[in-house]
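The values are calculated or read from the model by the stated rules, or taken from the named source; none is laboratory data. Just so it is clear, the structure is predicted and the values come from calculations on it, not from any experiment. Cβ placement follows ideal geometry from the backbone for every residue including glycine, while neighbour counts extend to all protein chains displayed.
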Amino acid sequence: MVRLRLDLAYDGTGFSGWARQPGRRTVQGEIEDALGKVFRLPEPPSLTVAGRTDAGVHARGQVAHVDLEPEAFGALDSRNRVVPLDDPVADRLPVLVRRLAGILPADVRVHRVTVAPEGFDARFSAMSRRYAYRVCDAPGGGDPLRRHEVVWYPRPLDLDRLNAAASALLGEHDFAAFCKKREGATTIRELQRLSWVREGDLLVATVVADAFCHSMVRALVGSLLPVGEGRLPVEWPGQVLTRAVRDSAVHVAPAHGLCLEEVRYPEGEALARRAAQTRRVRTLGDTPEA
């Protein structure tokens, strides 16, 4: 089998999230179906993704991988082009990118396809994911041309309060208070960065962690916004964190303000080692090595 790495982006507005679902339009479904057509496969191949995004969430730096038989790459050849038989993937991948662009809808794009290095796993080899959350607190509302990627907050937000509250959430913790618990899955994560900057009426949160639980980023942002407007004390999100149970007072922020910006991976032999470490069920103090 040949493993390909796909670097892709999408506008999540018209999708029911990443994961394929019967009867629903999903990012995974669109890309897998397009790959099936390009490679002329009887069934679409299965993609493994770095992070499953929810309905309405966007991505600029999403990463996925797919495993294909070497013989499948013959579908990329043309009558006017000869490729050495002993290297069935050589020089074919730019053709794949172009053909996907001709099939995929305008709200999802595969920008780059490469042969994955040995040990690479789009999900388990990842060292960190970086998200951005965008909020506008202009009194008259946000830019209508950015309404699908920026959330309007109707009250003024204080940047210093947002960052002071965010600082208490950094580090390795049990983030059960900000996650939807799944059977057999841990909610222990290492939050490496959570910081806000202001650009005029736009506030942007950068959120980086080794991994995220379901709805974790939006719940973290949702706990900080009422602090930023002064309705809750700066200490409140940190107090919620220490209780390590889902708190009904934490409101999940709207999906369309969130975008997956980057997934980072180690190099060389560290890829397989990282994947093996990530597959372990974590406990506090057992952070996987980079």
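Of all the listed residues (83, 113, 89), the sole one being at pLDDT 95 or above and surrounded by 14 or more Cβ atoms within 10 Å (Cβ to Cβ) is 113. Screening residue 123 against (1) of a type in the set (D, E, K, R); (2) farther than 30 Å from residue 70 by Cα; (3) not in a helix (DSSP H, G or I) leaves a single unmet condition, (2). What number of residues within region 8-32 satisfy the criterion of being farther than 16 Å from residue 106 by Cα and either in a strand (DSSP E or B) or over 15 Å from the mean Cα position of the chain (by Cα) (or both)? Residues meeting the conditions: 5. Considering (1) farther than 15 Å from residue 105 by Cα; (2) in a helix (DSSP H, G or I), the lone condition that residue 43 does not fulfil carries the number (2). Taking every residue in region 205-222 that is assigned by TED's automatic domain parsing to the domain that holds residue 249 and pairing it with any residue that is part of a loop (DSSP other than H, G, I, E, B) and charged (D, E, K, R), at least 6 positions away or on another chain, the pairs with Cβ-Cβ distances below 6 Å are 214/180; 215/180. Please find, within region 134-155, the residue that is surrounded by the fewest Cβ atoms within 10 Å (Cβ to Cβ) out of those that are of a type in the set (Asp, Glu) and under 14 Å from residue 253 (Cβ atoms). Ranking the qualifying residues of region 134-155, first place goes to 149. Restricting 59, 75, 101 to residues that are at pLDDT below 95 and not in a loop (DSSP other than H, G, I, E, B) narrows the list to 75. Considered as a group, the residues in region 209-251 that are on the phi < 0 side of the Ramachandran plot, in a loop (DSSP other than H, G, I, E, B) and small (Gly, Ala, Ser) include one that is surrounded by the most Cβ atoms within 10 Å (Cβ to Cβ), and that residue is 211.
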